[in-house]
Every structure is written in structure tokens, then in C-alpha cells.
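The structure under discussion appears below in the form of C-alpha cells.
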Amino acid sequence: MVLLDANDGMIVKILGIRGGRGLESKCRQLGICPGDCAMVIRHAPFNGPLLIEVSGRDIALGRGVASRIIVEEKKCA
């Protein structure tokens with residue numbers, strides 16, 4: 001599944017990023033890397049950004065970016 005499909009409050013493991021080197025580089029700069037766990041905090045209304053928490057930091061992602069991050073639901077330590 002992709003990050004955009006995850007429900008609010010769901011904890012997911014990031015498996016990969018589809019979108020080329022530019023998007024992968026941008027995600028790494030934000031602290032989003034394959035193997036990391038993230039919690040979906042909320043989906044903003046009216047097609048607004050998705051707010052996630054990764055490594056103790058809140059990150060807002062546009063829906064286009066969130067639709068390119070491949071995740072699986074998982075309980076992370």
C-alpha cells in the first residue's frame with residue numbers, strides 16, 4: 001500500500017520510494033528513509049497535506065509525494 005492510503009493513527013514501515021532520485025533525495029533530507037517507521041497523524045481536509053511523525057519529527061507531505069511512498073502496516077519498536 002502507499003502512505004496516502006494509511007489511516008490516521010496507523011503505524012507503518014516505509015518499504016521504498018517510487019519517483020526517481022530527486023524524490024528519494026528529498027525524502028532523505030526530510031528524514032524519511034526505507035526501513036523507518038512512521039505514524040500517520042492526520043490527513044488535512046480539502047486534499048491538504050498528510051502529517052506524519054518519523055523519528056520524533058512531524059513532517060507534512062503533499063498527497064502526490066505520499067502516494068509515491070510504499071509502506072506496510074506494522075508494529076515498530
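Considering only S25, I69, A38, the residue lying farthest towards the positive end of the dipole of the stretch 3-73 is S25, judged by Cα position with unit charges set on Cβ. Estimated at 0.36 nm per residue, the fully extended path between R28 and I41 surpasses their Cα-Cα distance by 2.7 nm.
Database remark: amide H of S67 closer than 5 angstrom to the amide H of L4 (H placed geometrically; neighbours at sequence offset of 5 or more, or on other chains; Pro and chain starts carry no H). Rounded to the nearest 20 debye, the dipole magnitude of the chain is 240 debye, with +1 charges on Lys and Arg beta carbons, -1 on Asp and Glu beta carbons, and the Cα centre as origin.
A straight line joining the Cα centroids of the stretch 46-74 and the stretch 1-30 runs 6 Å. S25 sits among other residues whose Cβ lies under 15 Å from its own Cβ, and their net charge, with Lys and Arg +1 and Asp and Glu -1, is +4.
Every number here is computed from the coordinates shown, using simple stated rules; none is lab data. Bear in mind the structure is a predicted one, so any value in this text is a computation, not a measurement. Don't worry about glycine lacking a Cβ; one is built from the backbone with ideal geometry, like all the others, and counts go over all protein chains shown.
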